[in-house]
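Asker: Mind looking over this structure? Questions follow.
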Amino acid sequence: MIKQTGSTLARLLESFFRQHMLAQRRASPETISSYRDSMRLLITFASERIAKRPNQLSIEDLDRDTVLLFLDHLELERHNSIRTRNTRLAAIHSFFHHVASRDPVSVNLAAEVLGIEGKKTTKPLLGYLDKLDLDAIIAAPNRNIWRGRRDYTLLLLLARTGARVSECIGVNVGDLTLRRPAHVLLRGKGGKQRAVPLTKDAVAALNALLEERGTAAQAQAAVFVNSRKHRLTRFGVNHLLRRAVHTAAKARPSVGTKAISPHTLRHTLAMHLLQAGIDLVTIQSLLGHASVNTTHQYLEADLEMKRRALEKCAAAEMNPAPYQPTDEVLALLESL
């Protein structure tokens, strides 16, 4: 009996990842990896808690109480942030939505797990750079050597297109159109593609980099590679950005006081566009957001925009009349 229920859990996991996540949702490798890690952690925790081998676990062993204890374990023992806890819970919720649709016997169990709510957390405001700080970081690499020219080109592409790191390192030579109208084809989340215009300085840097490497005619070749000619990784991009920030901080100390990641460059472009009066729908299209609501949340007004808004409020002389209930029902509610 244990073997049968255990194999049911295995079949549900397999159908969730292979059929639902890969075939139906066409989830990105990053999403698959995140969901896989979440489920692996949960199964390992449940296995240790009830002293069963993972292949002996049944779907009933992943009940509401177990999931709640697992979430506490993430916070108290693994010292994960609330945001990470909620991310793990989102993956578990997605799996149990699949369980409810595939295994009618487990509908009630799935409903109990799906009833677990994420913890509220304060989302920190993402910082952005002013033009001088951004220019200092882009100019920091030593362009007298090949590595510096590559770093300069990559930072320029990130800053001018707002590309995600995964999108940038995934660019192949064939994705570039360097004649007018110049643009780059980016592959975003969920396999979605978008064409983003390239500025003149980005076109010049990309042309020079491809000519130097002799890969201008190799459509499938990676644009950004490491010293071993392998495609640059996310870790490599983070490393070269830290190096550029360290160098830029020597000339502009303000750079050294900020937490700067590749995402900061994406956020900086979005904020500069917003301040220039570009509408949110255009920014949404440029950044590759699925919904304009994401763009709206992504872009917070900077201090100057807030100051102008407050000045407008102070300038307007508004003396609204006191609110008066319009009928007895409203009057009753107002008196409570």
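The values are calculated or read from the model by the stated rules, or taken from the named source; none is laboratory data. The structure displayed is predicted, hence computed values, not measured ones. Note: ideal-geometry Cβ built from the backbone for every residue, glycine included; neighbour counts use all protein chains shown.
Asker: State the number of residues belonging to the stretch 26-51 that are surrounded by 15 or more Cβ atoms within 10 Å (Cβ to Cβ) and without any contact (Cβ under 8 Å) to a residue 12 or more places away in the chain.
Answerer: Number of matching residues: 1.
Asker: Determine if the stretch 201-218 includes at least one residue that is in contact (Cβ under 8 Å) with a residue 24 or more places away in the chain, in contact with a Phe, Trp or Tyr (Cβ under 8 Å, 6 or more places away or on another chain) and either of a type in the set (A, V, I, L, M, F, W, C) or under 22 Å from Leu134 (Cα atoms) (or both).
Answerer: Yes, there is a match, as at least one residue in the stretch 201-218 is in contact (Cβ under 8 Å) with a residue 24 or more places away in the chain, in contact with a Phe, Trp or Tyr (Cβ under 8 Å, 6 or more places away or on another chain) and either of a type in the set (A, V, I, L, M, F, W, C) or under 22 Å from Leu134 (Cα atoms) (or both).
Asker: So, in the stretch 232-267, exactly how many residues are over 16 Å from the mean Cα position of the chain (by Cα) and more than 19 Å from Gly148 (Cβ to Cβ)?
Answerer: 6
Asker: Among the candidates Gly162, Gly148, which residue alone is at positive phi and assigned by TED's automatic domain parsing to the domain that holds His272?
Answerer: Gly162
Asker: Looking at the stretch 262-285, which of its residues are under 19 Å from Ala195 (Cβ atoms), touching a residue at least 24 places away in the same chain (Cβ under 8 Å) and surrounded by fewer than 20 Cβ atoms within 10 Å (Cβ to Cβ)?
Answerer: Ser285
Asker: Being outside the structural domain of Thr264 (by TED's automatic domain parsing), surrounded by fewer than 17 Cβ atoms within 10 Å (Cβ to Cβ), free of Cβ contacts under 8 Å to residues at least 24 places away in the same chain and in a helix (DSSP H, G or I), is that true of even one residue in the stretch 115-122?
Answerer: The answer is no; no qualifying residue exists.
Asker: Against the conditions (1) surrounded by fewer than 14 Cβ atoms within 10 Å (Cβ to Cβ); (2) within 24 Å of Arg147 (Cβ to Cβ), where does Val173 fall short? Just the number, please.
Answerer: Looking at each condition in turn, Val173 falls short on (1).
Asker: May I pose another question? How about the stretch 189-211: which of its residues are surrounded by fewer than 18 Cβ atoms within 10 Å (Cβ to Cβ) and in a helix (DSSP H, G or I)?
Answerer: Listed by number, the residues that qualify are Lys189, Gly190, Gly191, Lys200, Asp201, Ala204, Asn207, Ala208, Glu211.
Asker: Follow-up. Which residue out of Arg40, Arg49 is among the basic types (Lys, Arg) and under 21 Å from Ala100 (Cα atoms)? Steps first, please.
Answerer: Details: Arg49 fails: under 21 Å from Ala100 (Cα atoms).
Going through Arg40, Arg49 in turn, just one is among the basic types (Lys, Arg) and under 21 Å from Ala100 (Cα atoms): Arg40.
Asker: Tell me which of these Pro104 doesn't satisfy, since it passes every other one: (1) out of contact with any Phe, Trp or Tyr (no Cβ under 8 Å at 6 or more places or on another chain); (2) surrounded by 14 or more Cβ atoms within 10 Å (Cβ to Cβ).
Answerer: (2)
Asker: If you go through the stretch 138-161 one residue at a time, do you hit one that is surrounded by 15 or more Cβ atoms within 10 Å (Cβ to Cβ), within 30 Å of Arg85 (Cα to Cα) and either touching a residue at least 40 places away in the same chain (Cβ under 8 Å) or in contact with an Asp or Glu (Cβ under 8 Å, 6 or more places away or on another chain) (or both)?
Answerer: Scanning the stretch 138-161 turns up at least one residue that is surrounded by 15 or more Cβ atoms within 10 Å (Cβ to Cβ), within 30 Å of Arg85 (Cα to Cα) and either touching a residue at least 40 places away in the same chain (Cβ under 8 Å) or in contact with an Asp or Glu (Cβ under 8 Å, 6 or more places away or on another chain) (or both).
Asker: While we're on this one: Output the helices (runs of 4 or more DSSP H) that fall wholly within the stretch 212-291 and possess 2 or more residues being touching a strand residue (DSSP E or B) at 6+ places or on another chain (Cβ under 9 Å), or say none.
Answerer: On the way: elements: 234-251, 253-256, 262-275, 280-287.
The helices (runs of 4 or more DSSP H) meeting that bar are 280-287.
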